[in-house]
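K.L.:
Sharing a structure below in structure tokens format, with a few things to ask.
The values are calculated or read from the model by the stated rules, or taken from the named source; none is laboratory data. On a predicted model such as this, the values are computed, not experimentally measured, just so you know. Here the Cβ positions follow ideal geometry from the backbone for every residue, glycine too, while neighbour counts run over all protein chains shown.
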Amino acid sequence: MHYEALPGPDEMFAPDGSIRPAYAKFADRLVSWTSETIEDRQQRADLDLLNSGITFTVYRDDEGTERIFPFSLIPRIIAATEWQLVERGLAQRVRALNAFLADIYDQQRCVTDGVIPADVLFEAPGFTTRMVGFRPPLGVYVHISGSDLIRDQDGQFRVLEDNVRTPSGVSYVLENRRVMLNSVPDLFERAVAPVSDYPERLLDMLIDVRPDNIARDEARAVVLTPGAYNSAYFEHSFLAQQMGIPLVEGRDLIVHDNLVYLRETTGLERIHVIYRRVDDDFLDPLAFRPDSVLGVAGLADAYRAGNVTLANALGTGVADDKVVYRFVPDFIRYYLSEEPILPNIDTYVGALEDDLEFMCANLGDLVVKPASASGGYGIVIGPQASTAELEDLEERVRADPRGWIAQPLQEFSTIPTYQQGKFRARRADLRPFALTGSSTWVLPGGLTRVALVEGSYVVNSSQGGGSKDTWILRGEAPELDAADLEAAARLAVLATSEVALSPENGADATPIEEPVTPMVQRT
């Protein structure tokens, strides 16, 4: 069996072809399996997913909206010491984003002190004046976050983007672990941190941020969903069921005298916390889009009155705006007086004059993205674009500078993935989830999404991506203090490699003859 690595680091194999330490025990178990055994276990996993109804929705799909989320049996494995670094970096980032949101909806010191330009901030689509002067319980705006990470060309984890409005995907983390335990228990590394307590911790956090005048044992929470046609409806229903709280749609709730009630068969019951999976624009037709039938009339006023908590808070979208992302490392330094533990990807924004001129002078070498788009739509890959396309792009960028960002081409790491009888290198990102109430807790692991299409850098499920279980090893790793972080980061770096592996000894020295051309990271 021949394994061809792609440019960039491989999570399982070192540059010399040896197995990385985190994968050593797993590889010892896997080596005894035949291709038939792997095929049988993969089919078992696929059938489990099918029977469990683990699906996602693809809009504008002529063949139907519901699809099974593809799953790969080869996990991503991260050592305990390295995870400590990631965990602390994510908690740091959430603290900075909460401080930023508290500031912009109060004194806006970050603007007066020159941390972020006023036009960049106030032109962000997620900024809402309805939050100005309002402080949510415990001062927490971002209760659930799901920042996307990649390993760059040097093997260092970097933040690709922040998702702090209605981040999705954690249900697949829990189901991937269940399927892994059911399908390949003999491969499973026993020293892996569990993920099954996420729903319990989520509910604890929701009750933690209840309105100030409500006793903990009196607080009642619900999950608010747009409905069965939403792409993440499986997750909404799954989490509600796991937490043992109602799954509701907007029509199930009513606001009276700035109090929120659930329509029950026995009458109206007061609701204190709403885990909302509905975007701001559709949450309240009286406050936002008047044509929305997904939200609850009067909900924004009830929230401002302090009678109900929304998780996440209104107006958090400004914190994961693609242009604002450029300034998050500055927020960490400004609000926390710390250096970022997890760096950003180098990003240029058209809203800054110097960045704009650099972008326009180097369009042929950059990946240029519309700031308001997602899912890879509207991206222009400079090295692959024609002269006419680049000229047209420059006109569009100069006409709407705030609407564009640019980044260098990114290689990100690969993980072996079994497809069509072979182990193939496939690129993967990682979405860890953090819960913040009175403190921040990071789920050990997260959603590893993998680009299953050959040569693809796009991990989105709607574009052919799949997922893997993510294992955080529970070794006897020492607790890192601030002085250890830089050293740990250096130890975590993986060198770029091109190796080919043989089944006999795990590796040989044969280089790849035709390396895949670098493309671009997911948006």
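K.L.:
Return the total of residues in the stretch 205-234 being among the polar types (S, T, N, Q) and modelled with pLDDT of 95 or more.
P.N.:
So the count comes out to 1.
Each row is one residue, and each column tells you yes or no for (1) closer than 21 Å to residue 428 by Cβ; (2) in contact with a helix residue (DSSP H, G or I) (Cβ under 8 Å, 6 or more places away or on another chain).
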site: 3; (1), (2): yes, no
site: 6; (1), (2): yes, no
site: 17; (1), (2): yes, no
site: 27; (1), (2): yes, no
site: 32; (1), (2): no, no
site: 36; (1), (2): no, no
site: 46; (1), (2): yes, no
site: 49; (1), (2): yes, yes
site: 53; (1), (2): no, yes
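K.L.:
Mind listing whichever residues of the stretch 332-362 are part of a helix (DSSP H, G or I), not β-branched (Val, Ile, Thr) and not assigned by TED's automatic domain parsing to the domain that holds residue 383?
P.N.:
The answer is 333, 334, 335, 336.
K.L.:
Could I ask something else about it? Mind checking which residues of the stretch 297-324 are without any contact (Cβ under 8 Å) to a residue 60 or more places away in the chain and part of a loop (DSSP other than H, G, I, E, B)?
P.N.:
Answer for the stretch 297-324, where residues must be without any contact (Cβ under 8 Å) to a residue 60 or more places away in the chain and part of a loop (DSSP other than H, G, I, E, B): 297, 298, 305.
K.L.:
Contact list please: Cβ distance under 8 Å, first residue in the stretch 81-97 and under 10 Å from residue 332 (Cα atoms), second residue surrounded by fewer than 18 Cβ atoms within 10 Å (Cβ to Cβ), pairs at least six apart or on different chains.
P.N.:
92/336; 92/338; 95/336; 96/336
K.L.:
Here is a follow-up. Can you tell me how many residues within the stretch 194-248 are under 20 Å from residue 282 (Cβ atoms), surrounded by fewer than 16 Cβ atoms within 10 Å (Cβ to Cβ) and in contact (Cβ under 8 Å) with a residue 40 or more places away in the chain?
P.N.:
Qualifying residue count, the stretch 194-248: 2.
K.L.:
Could you check, for the stretch 278-297, whether at least one of its residues is in contact with a Pro (Cβ under 8 Å, 6 or more places away or on another chain), hydroxyl-bearing (Ser, Thr, Tyr) and modelled with pLDDT of 95 or more?
P.N.:
yes
K.L.:
Between a residue in the stretch 392-404 that is in the same structural domain as residue 371 (by TED's automatic domain parsing) and surrounded by 19 or more Cβ atoms within 10 Å (Cβ to Cβ) and any residue that is assigned to a helix (DSSP H, G or I) and among the β-branched types (Val, Ile, Thr), which pairs come within a Cβ distance under 6 Å, given they are 6 or more apart or on different chains?
P.N.:
From the stretch 392-404, the pairs are 404/397.
K.L.:
It is to be established whether one or more residues within the stretch 263-278 are free of Cβ contacts under 8 Å to residues at least 60 places away in the same chain and closer than 29 Å to residue 196 by Cα.
P.N.:
Checked the stretch 263-278: at least one residue is free of Cβ contacts under 8 Å to residues at least 60 places away in the same chain and closer than 29 Å to residue 196 by Cα.
K.L.:
Next question, about the same structure. In the stretch 363-399, what residues are in a strand (DSSP E or B) and over 20 Å from residue 124 (Cβ atoms)?
P.N.:
Matches in the stretch 363-399: 366, 367, 380, 381.
K.L.:
Need the failing condition index for residue 105 against (1) buried (at least 23 other Cβ atoms within 10 Å of the Cβ); (2) at positive phi, just the number.
P.N.:
Condition (2) is where residue 105 drops out.
K.L.:
Only one of these is in a strand (DSSP E or B) and buried (at least 19 other Cβ atoms within 10 Å of the Cβ): 274, 254. Name it.
P.N.:
The match here is 274.
K.L.:
Report whether or not residue 289 is outside any loop (DSSP other than H, G, I, E, B), in the same structural domain as residue 213 (by TED's automatic domain parsing), without any contact (Cβ under 8 Å) to a residue 24 or more places away in the chain and touching a helix residue (DSSP H, G or I) at 6+ places or on another chain (Cβ under 6 Å).
P.N.:
Taking the combined requirement at face value, the residue does not satisfy it.
K.L.:
Going through 149, 138 one at a time, which residue ends up being surrounded by fewer than 23 Cβ atoms within 10 Å (Cβ to Cβ), under 26 Å from residue 216 (Cα atoms) and either modelled with pLDDT of 95 or more or under 21 Å from the mean Cα position of the chain (by Cα) (or both)?
P.N.:
138
One line per residue, one yes/no per condition, for (1) modelled with pLDDT under 90; (2) polar (S, T, N, Q):
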position: 368; (1), (2): no, no
position: 377; (1), (2): yes, no
position: 382; (1), (2): yes, no
position: 405; (1), (2): no, no
position: 409; (1), (2): yes, no
position: 431; (1), (2): no, no
position: 440; (1), (2): no, yes
position: 448; (1), (2): no, yes
position: 456; (1), (2): yes, yes
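K.L.:
What number of residues within the stretch 220-244 are more than 19 Å from the chain's Cα centre (by Cα) and closer than 20 Å to residue 440 by Cβ?
P.N.:
Of the residues in that region, 2 qualify.
K.L.:
Conditions: (1) closer than 30 Å to residue 319 by Cβ; (2) within 21 Å of the chain's Cα centre (by Cα); (3) at pLDDT 95 or above. Residue 77 meets all but one. Number of the miss?
P.N.:
Condition (1) is where residue 77 drops out.
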